[in-house]
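Let me begin by presenting the structure, written as structure tokens, before commenting on it.
The values are calculated or read from the model by the stated rules, or taken from the named source; none is laboratory data. It should be emphasised that the depicted structure is a prediction, and the values quoted were computed from it without experimental measurement. Cβ placement follows ideal geometry from the backbone for every residue including glycine, while neighbour counts extend to all protein chains displayed. To get the accessible areas, we keep the full protein, side chains included, count just its heavy atoms, and leave off ligands, DNA and RNA. Shrake-Rupley method; radii C 1.70, N 1.55, O 1.52, S 1.80 Å.
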Amino acid sequence: MKRFYLLLLAALLFSHSSQSQTMALRKANKQYSRYAYAPAINHYKRVLSKEDNYEVKIKLADCYRMINDPVNAEYWYSQAMRGNGVLPIQKLYYAQMLQQNGKTEEAKSWYSQYSMAMGNDSRGIRGLQACENPAQFYRDS
């Protein structure tokens, strides 16, 4: 009988933990869909403190990119790039954050990967050119 109560207690604690995690994810996604990226960040971080979730890492990186925090965006994109199912657009965003942070050699590699995946999209080619000749890219028109 004692064992039954212990199992019941463990099940209740586990379900409460997973419910609060689901609630945090719902709140984060709601904020994200409303373009409230800064508030969404805290909710996404709460979810990641409990579990490793590829989609949450991508959304967290997107949030940081959208609030113009390239350092944190780069970090979270780098974490997400280790997972499976990385979309080409995420490679482009990662390359852009690397470039913004002055890591042009690494950015070139990701721009190349994006260009190979999306051959007819000029953003990868232009990004690569910008890394190879930044003075030309940033000159005043």
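By a straight-distance test (C-alpha under 20 Å), which aspartates and glutamates pair with residue 45 as possible cross-link partners, with residues fewer than eight away in the same chain excluded?
55, 62, 69, 74
If each of residue 38 and residue 89 carries a label point 7 Å out from its Cα toward its Cβ, how far apart are those two points in nm?
2.5 nm
List the pairs from 57/91; 27/50; 30/57; 30/59; 27/57; 59/103 whose alpha-carbon separation is above 18 Å, in the order I gave them.
As for pairs spanning more than 18 Å Cα to Cα, those are 59/103.
With all protein chains present, calculate the accessible area of residue 131 using a 1.4 Å probe and round the result to the nearest 10 Å².
10 Å²
Each residue of region 82-97 in turn: what ³J(HN,Hα) in whole Hz from Karplus with 6.51, -1.76, 1.60 and θ = phi - 60°, glycine and Pro shown as x?
Karplus values, whole Hz, x for Gly and Pro: 7, x, 8, x, 5, 7, x, 4, 5, 5, 4, 4, 4, 4, 5, 5.
Please work out the FRET efficiency for the pair residue 126 and residue 101, using the Cβ-Cβ distance as r and a Förster radius of 30 Å; give the result to the nearest 0.05.
In this case the efficiency is close to 0.95.
For region 67-137, which trypsin sites (Lys or Arg not before Pro) are both in a DSSP coil and crowded by at most 12 other Cβ atoms within 10 Å?
Sparse-neighbourhood loop trypsin sites (Lys or Arg not before Pro): 82.
In square nanometres and to one decimal, what's the mean projected area of the convex hull around the Cα atoms of region 67-136?
Over every viewing direction, the Cα hull of region 67-136 projects on average to 4.7 nm².
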